[in-house]
Amino acid sequence: MAMDKEQVAEILQEIGVLLELKGENPFKTRAYVNGARTLESLSEPLEKIVAENRLGEIKGFGDALQQKVTELVTTGRLKYYEDLKASIPAGMVALLEIQGLGPKKVKAMHDKLGIDSLESLEAACKAGKVAELDGFGEKTQAKILEAIDFRRKYATRHRLVDALYASEPILDALRDHPDVIRCSTAGSLRRFKEVIGDIDFLVSSKKPLEIIDFFTKLPGVINVLAKGDTKSSVIVEGGIQADLRVVSDAEYPFALAYFTGSKEHNIVMRQRAIQRGLRLNEYGLFRSKEETRDPALLVACQTEDEIFKTLDLPYIAPELREDHGEFVAGEKNELPRLLEWTDLKGSLHNHSNWSDGRNTLEDIAKFMNELGCEYWAVTDHSRASYQANGLDPERLRKQLVEIKAINQKLADEGEDFRLLTGSEVDVLKERLDFENDMLAELDVVVASLHVPGSDEADNTKRLIRAAENPYVHMLGHLTGRLLLEREAYKVNQHAVIDACAATGTWIELNANPYRFDMDWRLWMYAKSKGVKCVVNSDAHRHEHAGFLRLGAGIARKGWLTKDDVVNTLSLNNLRLALQKKRSGI
Ligand code: DGT
Ligand code: CA
Ligand code: CA
Ligand code: ZN
């Protein structure tokens with residue numbers, strides 16, 4: 001595949017750095033870095049220049065550079081670069097990402113101390129060896145240790161919720177700025193990925209410099225990494241990197257589509273443009289057969305919607321832009337009408353202070369009623385979860401009496417809201433934690449595997465057995481994963497989904513932002529088998545009700561509609577739905 005000039009420039013830049021790491025002569029390394037810069041500023045398409053054999057006319061482009069650029073543009077690869085990369089320890093290259101370390105310092109530490117990884121660097125600093133090197137000193141050594149710490153703490157992956165909370169006040173501030181015409185988040189955050197790398201902001205404005213300056217001085221910004229004329233990178237609270245790009249308002253819809261991604265989605269969009277004799281890039285959609293950003297050739301679009309229309313597609317929601325079938329469905333006009341979080345009428349998996357939740361039953365009823373819910377199930381842990389203060393049948397039956405009294409009081413006051421009784425019953429090795437007669441007394445039964453084994457077949461069998469129980473309405477957090485913290489236990493999710501389909505069992509989409517479990521990638525399969533979803537907040541305190549909004553976003557990412565989600569039903573219809581599996585007994 002041929003490369004465009006940005007990609008070629010990036011590789012030249014990297015060659016410069018790698019050569020410096022090897023200690024090559026500075027003229028040679030600088031030729032590559034300068035060459036990269038020249039390419040970026042070219043107004044003509046690079047492909048054209050190469051095809052017409054005119055690279056030599058560009059200032060600073062000697063034979064070596066011409067030959068390499070030609071190879072890259074025509075074949076998409078460069079043997080020289082690949083060999084060079086292979087000749088340097090990968091750990092050394094990674095050290096360049098530590099703040100304050102350039103190729104010269106990395107090379108010196110490698111030559112004198114054999115440092116070729118983050119670990120060996122840290123050890124050498126702690127042993128005081130780095131400070132002894134020429135041109136380093138105690139101060140530099142301390143700074144390097146700090147930077148290593150910083151990097152560890154501010155890892156490169158972040159949970160969606162942390163990125164959302166960090167981005168919202170920044171987006172509000174941008175929106176309120178008088179020189180901002182339009183603004184949005186983009187990238188994986190806008191696509192609602194469960195884990196993101198960095199936050200992307202996009203603004204349209206006539207005064208980019210002022211916007212950049214304003215952005216870098218916002219209270220949520222704790223460190224400025226780069227500050228250019230139209231883009232900036234910063235670290236925001238939570239240690240998350242955030243990129244801002246400022247474009248003209250005419251470019252805005254195209255930049256928004258481009259920087260929302262995903263890369264895979266963008267590739268297909270570009271392809272569709274080419275098939276129609278057009279060119280799509282971050283600057284616009286152009287009537288041209290080659291790369292350009294000539295405004296005279298622009299197909300003006302006011303919104304993303306119009307870009308999609310021009311490429312014969314309906315609007316594709318950002319959550320679906322993963323090249324996971326949105327183009328095929330879009331062409332047939334079969335994109336789903338996605339769930340809205342306001343469609344949710346309550347949550348069917350929650351805890352109270354009877355097990356490991358914080359709030360009392362009365363407070364929960366009051367709070368969720370005022371929030372506008374129609375119902376809220378209390379599904380405290382069963383006795384096997386002793387560390388979570390799980391309930392035995394005796395305590396659970398006491399709780400049922402209390403809930404009944406609360407509901408009676410609500411009815412007397414003319415309120416429509418109801419608490420539902422229930423349990424998050426543990427899936428044990430050979431059975432469920434409660435007998436069927438206990439489960440039969442409950443409105444809602446969630447079955448969860450809290451202590452899995454290491455054997456996939458065994459975990460799968462346990463969950464299938466739980467699904468086969470006529471009193472179990474749904475399986476809770478199917479894999480037990482905690483994002484960026486704990487891996488999923490081994491389980492054959494497809495087999496479990498099949499069992500749920502066969503038995504009329506629902507599957508939870510646990511909306512706790514550490515979980516988002518079952519994963520969005522599996523819902524399309526579940527849906528194809530007719531398995532319904534329940535978006536549950538798994539609330540342990542009032543504030544967790546807000547998880548429902550996040551869970552709905554993940555459900556959207558899994559292509560789910562209102563009809564696919566059980567807790568969009570009104571209380572009466574929910575009661576009927578809860579009876580359905582049991583009535584088959
Ligand atoms: P992240 O930050 O790793 O969670 O994922 P994204 O999707 O936010 O990726 P990011 O921040 O590197 O770039 C934002 C978007 O910009 C990305 O989704 C698509 C677009 N983009 C960036 N680089 C490229 C590229 O080389 N080719 C194409 N087609 N699109 C790109
Ligand atoms: Ca990003
Ligand atoms: Ca980015
Ligand atoms: Zn649980």
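Being open to solvent by less than 80 Å² (accessible area, probe 1.4 Å) and not in a loop (DSSP other than H, G, I, E, B) is the filter; apply it to region 48-61 and report the residue that is farthest from residue 8 (Cα to Cα). Even if it seems obvious, please write down each step before you answer.
Quick first cut of region 48-61, residues open to solvent by less than 80 Å² (accessible area, probe 1.4 Å) only: 48-50, 54-56, 58, 60-61.
Still in the list and also not in a loop (DSSP other than H, G, I, E, B): 48-50, 55-56.
On the way: 48: 14, 49: 13, 50: 12, 55: 13, 56: 16 Å.
Only one residue fits best here, namely 56.
Considering only region 354-371, state which residues are within 32 Å of the chain's Cα centre (by Cα) and either crowded, with 16+ Cβ neighbours inside 10 Å or away from ligand 4 (no atom under 13 Å from the Cβ) (or both).
If we filter region 354-371 for residues that are within 32 Å of the chain's Cα centre (by Cα), which is where we start, we get 355-359, 364, 367-371.
Residues satisfying the conditions are 355, 357, 358, 359, 364, 367, 368, 369, 370, 371.
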Flagged pairs (Cβ under 6 angstrom, 6 or more apart or on separate chains; first in region 372-397, in contact (Cβ under 8 Å) with a residue 24 or more places away in the chain and surrounded by fewer than 18 Cβ atoms within 10 Å (Cβ to Cβ); second assigned to a helix (DSSP H, G or I) and of a type outside the set (Val, Ile, Thr)) are 393/438
Every pair of residues 6+ apart whose Cβ atoms lie under 8 Å, when the first sits in region 200-221 and is without any contact (Cβ under 8 Å) to a residue 40 or more places away in the chain and closer than 9 Å to residue 246 by Cβ while the second is within 16 Å of ligand 2 (Cβ to nearest atom) and open to solvent by 50 Å² or more (accessible area, probe 1.4 Å): 212/231
Being assigned to a loop (DSSP other than H, G, I, E, B), out of contact with any Ser or Thr (no Cβ under 9 Å at 6 or more places or on another chain) and free of Cβ contacts under 8 Å to residues at least 60 places away in the same chain is the filter here, so list the residues in region 295-328 that pass it. 300, 302, 303, 311, 312, 313, 314, 316
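State whether one or more residues within region 209-220 are under 21 Å from the mean Cα position of the chain (by Cα), modelled with pLDDT under 95 and away from ligand 3 (no atom under 14 Å from the Cβ).
Yes, there is a match, as at least one residue in region 209-220 is under 21 Å from the mean Cα position of the chain (by Cα), modelled with pLDDT under 95 and away from ligand 3 (no atom under 14 Å from the Cβ).
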Among (1) free of Cβ contacts under 8 Å to residues at least 24 places away in the same chain; (2) part of a helix (DSSP H, G or I); (3) polar (S, T, N, Q), the one test that residue 185 misses: (2)
The one condition residue 334 fails out of (1) surrounded by fewer than 16 Cβ atoms within 10 Å (Cβ to Cβ); (2) of a type outside the set (Gly, Ala, Ser); (3) within 22 Å of the chain's Cα centre (by Cα); (4) assigned to a loop (DSSP other than H, G, I, E, B) is (3)
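In region 410-431, what count of residues is obtained for those that are of a type in the set (A, V, I, L, M, F, W, C), farther than 12 Å from residue 375 by Cα and not in a helix (DSSP H, G or I)? Walk me through how you get there before you give the answer.
Of region 410-431, the ones of a type in the set (A, V, I, L, M, F, W, C) are 410-411, 417, 419-420, 425, 427-428.
If we keep only those that are farther than 12 Å from residue 375 by Cα as well, we get 411, 425, 427-428.
After this cut, where a residue has to be not in a helix (DSSP H, G or I) as well, the list is 425, 427-428.
The qualifying residues number 3.
Kindly indicate whether residue 258 is closer than 27 Å to residue 516 by Cβ and either away from ligand 4 (no atom under 16 Å from the Cβ) or surrounded by fewer than 18 Cβ atoms within 10 Å (Cβ to Cβ) (or both). So that I can check it myself, show each step before the final result.
Values: closer than 27 Å to residue 516 by Cβ: yes; either away from ligand 4 (no atom under 16 Å from the Cβ) or surrounded by fewer than 18 Cβ atoms within 10 Å (Cβ to Cβ) (or both): yes.
It is true that residue 258 is closer than 27 Å to residue 516 by Cβ and either away from ligand 4 (no atom under 16 Å from the Cβ) or surrounded by fewer than 18 Cβ atoms within 10 Å (Cβ to Cβ) (or both).
For residue 10, are the conditions met, namely being open to solvent by 70 Å² or more (accessible area, probe 1.4 Å), in contact with a helix residue (DSSP H, G or I) (Cβ under 8 Å, 6 or more places away or on another chain) and among the charged types (D, E, K, R)? Give the derivation first.
Numbers: open to solvent by 70 Å² or more (accessible area, probe 1.4 Å): yes; in contact with a helix residue (DSSP H, G or I) (Cβ under 8 Å, 6 or more places away or on another chain): yes; among the charged types (D, E, K, R): yes.
Against the criterion (open to solvent by 70 Å² or more (accessible area, probe 1.4 Å), in contact with a helix residue (DSSP H, G or I) (Cβ under 8 Å, 6 or more places away or on another chain) and among the charged types (D, E, K, R)), residue 10 qualifies.
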Given the residues 168, 194, which is the only one that is under 17 Å from the mean Cα position of the chain (by Cα) and surrounded by fewer than 22 Cβ atoms within 10 Å (Cβ to Cβ)? 168
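The values are calculated or read from the model by the stated rules, or taken from the named source; none is laboratory data. Remember, predicted model here, so these are calculated numbers, not experimental data. Note: ideal-geometry Cβ built from the backbone for every residue, glycine included; neighbour counts use all protein chains shown. These accessible areas exclude ligands, DNA and RNA; they are computed on the full protein's heavy atoms, side chains included. Shrake-Rupley method; radii C 1.70, N 1.55, O 1.52, S 1.80 Å.
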